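The block underneath contains the structure these notes are about, expressed in structure tokens.
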């Protein structure tokens, strides 16, 4: 019988930049040791192409990711909920761990700005992987 995997939900407004980059890093760093979700309070129609390019530079492909709407079910199914600028749109359920990461929004930003955001997200995700006790790949 295997141990249950921790589940993390990343939430931002459009689910097209920050939360998608964070989910990409967590999937890459945590592998099968963690369940990864992402969602947005007002999802965009497509992922931010500059975020896709910035992630590709570090070898992580998020081009096929699709923005998803935030649901109460996704929050309830997650052990950790990381919000990134979605304000009060994220439902609160007792027993979940909540973190709010203050990060610039990559929407409308050039590649240089998005690289800085990407690198900050990577550092935070690596810290989260360690805190969850997931063996980094």
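The values are calculated or read from the model by the stated rules, or taken from the named source; none is laboratory data. Given the structure is predicted, the values throughout are model-derived calculations rather than measurements. Here the Cβ positions follow ideal geometry from the backbone for every residue, glycine too, while neighbour counts run over all protein chains shown.
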* Asked: What number goes with the only condition from (1) in contact (Cβ under 8 Å) with a residue 40 or more places away in the chain; (2) within 21 Å of residue 130 (Cβ to Cβ) that residue 96 does not pass?
  -> (1)
* Asked: Taking region 28-51, which residues are out of contact with any helix residue (DSSP H, G or I) (no Cβ under 7 Å at 6 or more places or on another chain) and either part of a loop (DSSP other than H, G, I, E, B) or in contact (Cβ under 8 Å) with a residue 12 or more places away in the chain (or both)?
  -> 28, 31, 32, 33, 35, 42, 43, 44, 45, 46, 48
* For the subset of region 95-117 comprising residues that are at pLDDT 95 or above and not in a loop (DSSP other than H, G, I, E, B), which member is nearest to the chain's Cα centre (by Cα)? -> 117
* Filtered residue count, region 69-93, keeping only those that are in contact (Cβ under 8 Å) with a residue 24 or more places away in the chain, exposed (fewer than 15 other Cβ atoms within 10 Å of the Cβ) and either in contact with a helix residue (DSSP H, G or I) (Cβ under 8 Å, 6 or more places away or on another chain) or assigned to a strand (DSSP E or B) (or both) -> 1
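Among the candidates 103, 132, single out the residue that is buried (at least 16 other Cβ atoms within 10 Å of the Cβ) and closer than 25 Å to residue 5 by Cα.
132
Given the structure, is residue 22 at pLDDT 95 or above, touching a strand residue (DSSP E or B) at 6+ places or on another chain (Cβ under 9 Å) and either under 17 Å from residue 117 (Cα atoms) or surrounded by fewer than 24 Cβ atoms within 10 Å (Cβ to Cβ) (or both)?
So residue 22 passes the test.
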